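Have a look at the structure below before the remarks.
The values are calculated or read from the model by the stated rules, or taken from the named source; none is laboratory data. These numbers come from a predicted model, not from an experiment. So basically every Cβ, Gly included, is an ideal-geometry build from the backbone, and we count neighbours across all protein chains shown.
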Amino acid sequence: MARIIVNEGQGPRPADLSVSRLVIGGTPDCDLCLRHAGAGGSEFVLEATPTGHRVLRLRGTLLLNEEPCDVADLLHNDTLRAGESMILYKNPDATRPAPAPVVQAPAVAQPAVGKPAAHERSAHVVAPALSAGGDGSLVAFEEAAAEAATAARPAAPALDVPATQAPTTATGPLCFRVPLPPGCNAPTAPPPAHPGPPPQ
């Protein structure tokens, strides 16, 4: 069974830890009263845990193995000191509690290395125009901004739309890349030949 041994210079006082919670301090209302005058302002609790006992400081100064302590799990032969009162914890079965499992954060997808996105390309296009000086800087900026806006817009897929009444060629029907507006028909004859340069 776990127990403590209190030493205050007047011989050891053993006490079995048969209860789940034991209040120790320098006041008479504690479960175990410390007799040394230096422990008058100290008070702490020993609580039973699945792995042994835990100490919890309530008030005053408490040292665990001569180090300041607020709360800690005790191991066999640990010492507690309040003022000049020394307490030895005896429990060969006491162990440290298992650490909490570390939860890995979900992986964040990294951007693909290669060609920058359209909004990134627009910044690279506009930046040189801003740094260019001289009279044409405003024009260069406007041109760069227009180019960046065009690059940022997703390109519409090009569709091969057969023209209505399209003329045929030696290789097949003539196709237009852009559909004609409603009411417009495809030309049915080749355009007229250029007349050439005007007479002198």
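Can you find a residue that is out of contact with any Phe, Trp or Tyr (no Cβ under 9 Å at 6 or more places or on another chain), buried (at least 17 other Cβ atoms within 10 Å of the Cβ), touching a residue at least 40 places away in the same chain (Cβ under 8 Å) and polar (S, T, N, Q) anywhere in the range 81-92?
Within the range 81-92, one or more residues are out of contact with any Phe, Trp or Tyr (no Cβ under 9 Å at 6 or more places or on another chain), buried (at least 17 other Cβ atoms within 10 Å of the Cβ), touching a residue at least 40 places away in the same chain (Cβ under 8 Å) and polar (S, T, N, Q).
Looking at ARG59, ARG21, which one is in contact with an Asp or Glu (Cβ under 6 Å, 6 or more places away or on another chain) and under 21 Å from PRO97 (Cβ atoms)?
Matching residue, one of ARG59, ARG21: ARG21.
Among the residues of the range 9-29 satisfying the criterion of being over 51 Å from the mean Cα position of the chain (by Cα) and either in a strand (DSSP E or B) or charged (D, E, K, R) (or both), which is surrounded by the most Cβ atoms within 10 Å (Cβ to Cβ)?
So the residue we want is ARG13.
Name the single residue that is farthest from the chain's Cα centre (by Cα) among those in the range 41-59 being over 13 Å from ARG21 (Cβ atoms) and surrounded by fewer than 16 Cβ atoms within 10 Å (Cβ to Cβ).
Only one residue fits best here, namely GLY41.
Looking at (1) at pLDDT 70 or above; (2) in a loop (DSSP other than H, G, I, E, B); (3) not assigned by TED's automatic domain parsing to the domain that holds ILE24, which one does GLU142 not meet, given that it meets all the others?
Unmet for GLU142, out of (1) at pLDDT 70 or above; (2) in a loop (DSSP other than H, G, I, E, B); (3) not assigned by TED's automatic domain parsing to the domain that holds ILE24: (2).
Which members of the range 63-89 meet the condition of being within 38 Å of the chain's Cα centre (by Cα) and assigned to a strand (DSSP E or B)?
LEU63, LEU64, GLU67, PRO68, VAL71, ALA72, ASP73
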